[in-house]
1. On the basis of being under 23 Å from Ser35 (Cα atoms), of a type in the set (A, V, I, L, M, F, W, C), free of Cβ contacts under 8 Å to residues at least 60 places away in the same chain and buried (at least 17 other Cβ atoms within 10 Å of the Cβ), does Phe79 make the cut?
2. Which number in (1) under 28 Å from Leu48 (Cα atoms); (2) part of a helix (DSSP H, G or I) marks the one condition that Glu122 misses?
3. Tally time: how many residues in the stretch 1-46 are in contact (Cβ under 8 Å) with a residue 12 or more places away in the chain and assigned to a loop (DSSP other than H, G, I, E, B)?
4. State all residues of the stretch 111-164 that are among the hydrophobic types (A, V, I, L, M, F, W, C), surrounded by 13 or more Cβ atoms within 10 Å (Cβ to Cβ) and out of contact with any Phe, Trp or Tyr (no Cβ under 8 Å at 6 or more places or on another chain); if no residue qualifies, say none.
5. Quick one: Ala93 ticks every box in (1) open to solvent by 70 Å² or more (accessible area, probe 1.4 Å); (2) part of a helix (DSSP H, G or I); (3) farther than 25 Å from Glu13 by Cβ bar one, so which box is it?
6. For the stretch 64-76: of the residues being outside any helix (DSSP H, G or I) and either open to solvent by less than 50 Å² (accessible area, probe 1.4 Å) or polar (S, T, N, Q) (or both), which is farthest from Asp47 (Cα to Cα)?
7. With respect to Leu54, determine if the residue is touching a residue at least 40 places away in the same chain (Cβ under 8 Å), open to solvent by less than 90 Å² (accessible area, probe 1.4 Å) and assigned to a strand (DSSP E or B).
8. Any chance you could count how many residues in the stretch 126-164 are without any contact (Cβ under 8 Å) to a residue 60 or more places away in the chain, in a helix (DSSP H, G or I) and among the hydrophobic types (A, V, I, L, M, F, W, C)?
Amino acid sequence: MKKIIDFVREAPEYVRVLDHVKVRQPVPGLGLIRSARLPVLAALKNDLNVPVLLVTDRADRALTLFDELSFWLPNTPRFHFPEPTPLFFEQAAWGAVTRRDRLQALTALAMHHLPGQNKDLEFPVIVAPLRALMTRTLPRRDFLVNSKTIHLNQTIDPADLQRT
């Protein structure tokens, strides 16, 4: 795995893309074959240390990429940002797993903005199907204002926690 990532890093095209990303210039579509996408993503993640959002077209493909990322980035926090089960026009509740996974991904992104958090945490990789990104969860400000940090050995009344 490391040899493949090092091989990717040596490619002049990769160096060009990396330079464009570092100076925040738009990068045109790379046209990578599927088997090269995760090694290139792993190399970029290691070189830039920024949050990465990997967008795919289907929910099943997102799950596959999420699983494969554990091979390419074994020590990097990774999260699945699932799409809600009901369609946008259906008045049905989201599943508990969907809500949990979406909140975990948002929390991982917000950790660098919450007061009192360790700013040296590694940035995550989040894998999401396009439909998941099109569905609103809640505004960023509301999420940050209503987040509560619970520390190890801290005593909290469950009723108070539920109220807040």
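1. yes
2. (2)
3. Adding up the residues that qualify gives 2.
4. Hits for the stretch 111-164 are Met111, Leu114, Phe123, Leu130, Phe143, Leu144.
5. (2)
6. Asn75
7. Yes.
8. Summing the residues that are without any contact (Cβ under 8 Å) to a residue 60 or more places away in the chain, in a helix (DSSP H, G or I) and among the hydrophobic types (A, V, I, L, M, F, W, C) in the stretch 126-164 gives 6.
The values are calculated or read from the model by the stated rules, or taken from the named source; none is laboratory data. Computed from a predicted model, the values in this text were never measured in an experiment. Heads up, the Cβs are rebuilt from the backbone with ideal geometry, glycines too, and the neighbour counts pull from every protein chain shown. We work out accessible area using only protein heavy atoms, side chains counted, and drop any ligands, DNA or RNA first. Shrake-Rupley method; radii C 1.70, N 1.55, O 1.52, S 1.80 Å.
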